[in-house]
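*Asks:* Mind looking over this structure? Questions follow.
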Amino acid sequence: QTQLNLRQAEINVLRSQSNPHFLFNTLNLLASEIGRNPTAARETVYDLADLLRDSMKAAEKQNVSVREELDLVALYLRLQQKRFPDRLKYSINCDEDCSASEIPALLLQPIVENAVKHVVAPNTGETRIDVAVATQSDKILIEVRDTGPMIDLGATAEGGGLHIVRKTLALQYPNQHDMSFSSTQEGGLVTIRIPRKIFRDAS
């Protein structure tokens, strides 16, 4: 029980580290929009409020359903699309039979943030981010793809966002998961496999 408590405490620390990043970026977006487009800024405030509320609820749990996690990712990407209206396109797809499966809370947000920070933001061309979750035998397969230029894996694979994800998976699924990250001329791909389990909300 002591080991479980220590593991949960460490997961909570990791989660607290990941929360501020998207907020800083969105506040910068608001600062630029308030003067030139107050209506758009007001809509962004509402979206940010929704994302903060739902993120805070998720942060109180160790696990959420895949559907809940993807709803948060959709909110985040909608905000980022306002930040990069001509440069960011995205899609989110989930097999119907795994939408009620269990996933660590706030697992995908750092991965998507990583793609926005290292691929979308520095790239002047259009970039697409595709998030997909599917069943694969007794596993859940998660893929986050981007169509951006090849990036330096050494500078990003062990960076803040992906490091948090790797550590969370290691703590929650010791010897039961795998994660890979690649970047080529065709784009980047983060792949995660975790045990498939139906989510039971204990709150």
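The values are calculated or read from the model by the stated rules, or taken from the named source; none is laboratory data. A quick note: this is a predicted structure, and the numbers were derived from the prediction, not measured. Using ideal geometry, Cβ is built from the backbone for each residue, glycine included, and neighbour counts are taken over all protein chains shown. The protein model used for the area step is the full one, side chains on, heavy atoms only, and it has no ligands, DNA or RNA in it. Shrake-Rupley method; radii C 1.70, N 1.55, O 1.52, S 1.80 Å.
*Asks:* Return a yes/no flag: does the stretch 169-188 have any residue that is β-branched (Val, Ile, Thr) and touching a residue at least 40 places away in the same chain (Cβ under 8 Å).
*Replies:* no
*Asks:* To continue, here is another question. Look at Lys89 and say whether it is assigned to a helix (DSSP H, G or I), closer than 24 Å to Asp54 by Cβ and of a type outside the set (Asp, Glu).
*Replies:* no
*Asks:* Same structure again: Considering (1) surrounded by 17 or more Cβ atoms within 10 Å (Cβ to Cβ); (2) part of a helix (DSSP H, G or I); (3) in contact (Cβ under 8 Å) with a residue 12 or more places away in the chain, say which one Ala41 fails and leave the rest.
*Replies:* (3)
*Asks:* Can you pull out the residues in the stretch 104-140 that are at pLDDT below 95 and under 23 Å from Lys57 (Cα atoms)?
*Replies:* Across the stretch 104-140, the qualifying residues are Pro104, Ala105, Leu106, Leu107, Leu108, Gln109, Pro110, Ile111, Val112, Glu113, Asn114.
*Asks:* Counting only residues that are part of a helix (DSSP H, G or I) and either in contact with a helix residue (DSSP H, G or I) (Cβ under 8 Å, 6 or more places away or on another chain) or open to solvent by 30 Å² or more (accessible area, probe 1.4 Å) (or both), how many does the stretch 108-123 have?
*Replies:* Counting residues in the stretch 108-123 that are part of a helix (DSSP H, G or I) and either in contact with a helix residue (DSSP H, G or I) (Cβ under 8 Å, 6 or more places away or on another chain) or open to solvent by 30 Å² or more (accessible area, probe 1.4 Å) (or both) gives 10.
Yes/no per residue for (1) within 30 Å of Arg196 (Cα to Cα); (2) surrounded by fewer than 16 Cβ atoms within 10 Å (Cβ to Cβ):
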position: Lys57; (1), (2): yes, yes
position: Leu106; (1), (2): yes, no
position: Thr127; (1), (2): no, no
position: Val131; (1), (2): yes, no
